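Heads up: the structure comes next, in structure tokens.
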Amino acid sequence: MPLLVTRGLTARYGDFQALFGVDVVLEAGETVAIIGANGAGKTTLMRSIAGVLPNAPGEILFDGEPIGALASAKVMARGIAMVPEGRKLFPSLSVEENLLMGSYGRKAAGAWSLDTVYELFPILKERRGSPGTALSGGQQQMVAIGRALMSNPRVLLCDEISLGLAPVVIRDIYAAFPKIKAAGASLVIVEQDISQAMKVADRVYCMMEGRVTLSGRPAELDRQRIHAAYFGAA
Ligand code: ATP
């Protein structure tokens, strides 16, 4: 049984329909990448899974159980954590306080604690007393990832963690992913950088205008098909 499944998932913002029947599967231990242009619906998909958007027609199954009607705190308690687009740190809190916010309400025991997050990103230990907003963009992203890990998730949803970061910083952050997986999390990453997505993902879904237009393993997908699925037919 897959770990996470969306079936016919739809989502709306008022009158505007942002998702039209999205089917996505995440097997335990996998990294799945969601790619697509601005406005394709990637963030909406993440927010729907995380319970941030109100319930809409369609199904979300986690470990075989429907979670589509649960509020975000309950989804998180089940084991799905999100690293939101734009990091969304608490500006008045220190690095350490931001990390601790991630463990609030957690139910699952697991690998992640302040100590293990500091082992994963040693710079955060050095900066632990600084306000999150005093950090560089890459360090802020590390705090956002660490904060999500503090709930000991079985699924980590990462929304555009590369956005606005220098290549060397992106490399450092992605270098942490094998350790995150080894600690037991499966990953869904939203990534606008197609070659980065192809490098790290076991399977890729491409979205356009609220629909999945292509999916498969990176080795099965050639550039031309991705281009058509990403931008529409030329
Ligand atoms: P981006 O890379 O820009 O984040 P995305 O693929 O994540 O793009 P979404 O953010 O999911 O796309 O947006 C999908 C569609 O829903 C877009 O047309 C967007 O304008 C619209 N949308 C997103 N958030 C809202 C909102 N709060 N209210 C109304 N429309 C929204």
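Look at LYS125 and say whether it is of a type in the set (Lys, Arg) and closer than 28 Å to GLU220 by Cβ.
It is false that LYS125 is of a type in the set (Lys, Arg) and closer than 28 Å to GLU220 by Cβ.
Of all residue pairs spaced 6 or more apart or on separate chains, those with beta-carbon atoms under 8 Å, a first member in region 171-195 that is without any contact (Cβ under 8 Å) to a residue 40 or more places away in the chain and crowded, with 16+ Cβ neighbours inside 10 Å and a second member that is not β-branched (Val, Ile, Thr) and not in a helix (DSSP H, G or I) are ILE173/SER162; ILE173/LEU165; ALA185/PRO153; ALA185/ARG154; ALA185/LEU156.
Can you list the strands (runs of 3 or more DSSP E) found entirely within region 173-234 that contain at least 1 residues being among the small types (Gly, Ala, Ser) and modelled with pLDDT of 90 or more? Before you say what the answer is, go through the steps one by one.
Values: elements: 186-190, 203-208, 211-216.
Strands (runs of 3 or more DSSP E) meeting the threshold: 186-190, 211-216.
Among the residues of region 36-68, the ones that are under 23 Å from ARG154 (Cβ atoms) and either within 15 Å of the ligand (Cβ to nearest atom) or surrounded by 18 or more Cβ atoms within 10 Å (Cβ to Cβ) (or both) come to 17 in all.
The residues listed here are VAL5, VAL32; of these, the one that is at pLDDT 95 or above, over 21 Å from PHE177 (Cα atoms) and more than 14 Å from the ligand (Cβ to nearest atom) is VAL5.
Tell me, which helices (runs of 4 or more DSSP H) wholly within region 15-108 include 2 or more residues that are within 14 Å of the chain's Cα centre (by Cα), within 20 Å of ILE189 (Cβ to Cβ) and in contact (Cβ under 8 Å) with a residue 40 or more places away in the chain? Spell out how you get there, then give the answer.
Numbers: elements: 42-49, 72-78, 95-101.
So the answer is 42-49.
If only residues of region 9-26 that are of a type outside the set (Phe, Trp, Tyr) and over 23 Å from ALA201 (Cα atoms) are counted, the one that is nearest to the ligand (Cβ to nearest atom) is ALA18. Within region 133-152, not a single residue is in a loop (DSSP other than H, G, I, E, B), within 27 Å of ALA73 (Cα to Cα), β-branched (Val, Ile, Thr) and within 16 Å of the chain's Cα centre (by Cα).
Could you grab me the full set of residues in region 201-213 that are surrounded by fewer than 18 Cβ atoms within 10 Å (Cβ to Cβ) and either farther than 15 Å from GLU30 by Cβ or among the aromatic types (Phe, Trp, Tyr) (or both)? Don't jump to the end; show me each part of the working.
We begin by selecting, within region 201-213, every residue surrounded by fewer than 18 Cβ atoms within 10 Å (Cβ to Cβ); these are 202, 209, 211.
Residues satisfying the conditions are GLU209, ARG211.
The values are calculated or read from the model by the stated rules, or taken from the named source; none is laboratory data. These numbers come from a predicted model, not from an experiment. Glycine gets a Cβ as well: all are built from the backbone with ideal geometry, and neighbour counts include every protein chain shown.
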